[in-house]
Structure formats: structure tokens, C-alpha cells
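Have a look at the structure below, then the notes.
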Amino acid sequence: MVLPDDGFIRWLFDAGAWLVRAYGGFASFRQQSLVTPTAEDFPVDPSLEGMELAEDYLLFVLEHMGLQEWPLYLVADQPPEPAAILAGMPHGMTGEVEEAPSLVHPEDGMPIPVDPALLSDPELLVALLARGASHYFVADQPAPLGDHDELVDLATVLSGFGIFLANGALRFHHASSGPLVGWGFRRFGALAEHELAYALALFGVVCEVPDRDIEAHLRPNPREFHHKAVKHLLRHHASGLDRLRGVEPATIGPYR
């Protein structure tokens, strides 16, 4: 039975209460809807391509999150090929490593870097876009609680995008570049697959989303983790769930 440890679950309830307060208290938070990887939730324009299509996805992400007025925009961010990295790597004794330029220019808005290749994997693209928006939401709140990246993951789940994040947490892939060929995996986000599934179970329980509506869209591993997490929450953490249901609103930031 793969469940997060007690330390994570304590953090989850503490951070969850902090975020529910930021969302306007439980009365407001409970109106959050589950966002699914379906055409109903993402009726994007099929005639669009490339970054224009990615921007269409972003518009629907922001609409689901209620952040339409935030100045978020996309920046194409194509990772270099492995062979190109090796070819251009400076020698430790003779070369100088150049610092990467900052992508964040507040006066120009809030950029979300995105690899256009992710358009072939819309579910992971949406996870990245929702996580990018959540990054700014968490940064906008006073007195952040705990690790920023973990809070961003949890904020993404609690904003309704837990299915996307749980399904994209671990992806295996085949890579090749010139003579370099191999298999590998990619971790996405800060929380592990079973931790995201547990956070998603928390969202579903307090927002009264039926288990079947969530698990119908989950991959096998997160689906199993989620199923066990729901039982564990209801059996062992009734008081924590009641605590979340009693959270009052806090002063909101300038963007929400």
C-alpha cells in the first residue's frame, strides 16, 4: 500500500489550509471544479498550430482557474539537443560558463516557458501551463508556507488540475540525437506520483467530487494510489478534513 508518510500528510493539511484561505476560504474554495483532459473542458481551435495553439490552451487554463485578468503569456523554450550541449560545453580550464538570462521581466507581464514539442502531449502541456499559473499565484500570497515548488504543485491540484499533474508526474521516453540513443524518464513537478494522488484525493473529498469522475481519467499508477488515498483520508483524517471545511478567507493579493 503506497501512501505518503505522516510528515507529508501533516504538511498537506497545513499547506492546504493556507491555500484554501488564499482562495477565499472554504465557502469559495468548494466551488472549484474538477478539470478533465476532455474536449468539453478544452475546446481548442483545431485550426491553430504551434505557439498559437499553446496560447489557446493557456486561455482555457486561466479561465478554469479564474485568472483571466492576470498578465500571463508564453515564451517558447526549446531544450537543446544532448549532442549540441556536449559540443558546446566549455572546457573546465579554458572556458567560462555564461549565465542564463532571466526570463522574468515583471513590467512585461508574467512569462510561462513552454516547449512547443509538448503540443504532441496536450495533457502534459496543460499540466505545465496550470503549474506555471500556480507559480505566480503562490508567489503573490503573503507569508508562503514551506517549499515553494511543493506549494505550487499543491496549488495546481487544488485549483482543479490534479489529474493532469498526477498523470504527468513521471513519464518514460526514448531519446536520440546523432550517435546518442537511450531511454529515460522525466519527473515533472516537485511532488511524487503517490503524493499528488493523495492531494488529489483530498481535493475530491472536500469538494465532493465522485471518485469515479476522477479515476476515469487517471493512469493506472495514480489511479491505484488515489483509490487507496481516499479510503485512508476518510478513515484516519476526518478531523483534518473538518479543519479545511472551517477555513475562513484571508486578504487577497492584487491579481485575484
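Bear in mind these aren't lab numbers, they're just calculated from the coordinates by the rules spelled out. Just so it is clear, the model here is predicted, and its values are computed rather than measured. FYI the Cβ positions are ideal-geometry reconstructions off the backbone, even for glycines, and counts take in every protein chain you see.
Some notes on this structure:
- LEU74 long-range amide H proximity, modeled H, under 5 Å: ILE112
- Projecting label points 7 angstrom from Cα along Cα→Cβ for HIS227 and GLU248 puts them 4.2 nm apart.
- For ALA190, residues with placed amide H under 5 Å, excluding near neighbours: ASP153
- Computed extension gain for SER28 through ASP211, at 0.36 nm per residue and net of the alpha carbon distance, reaches 63.7 nm.
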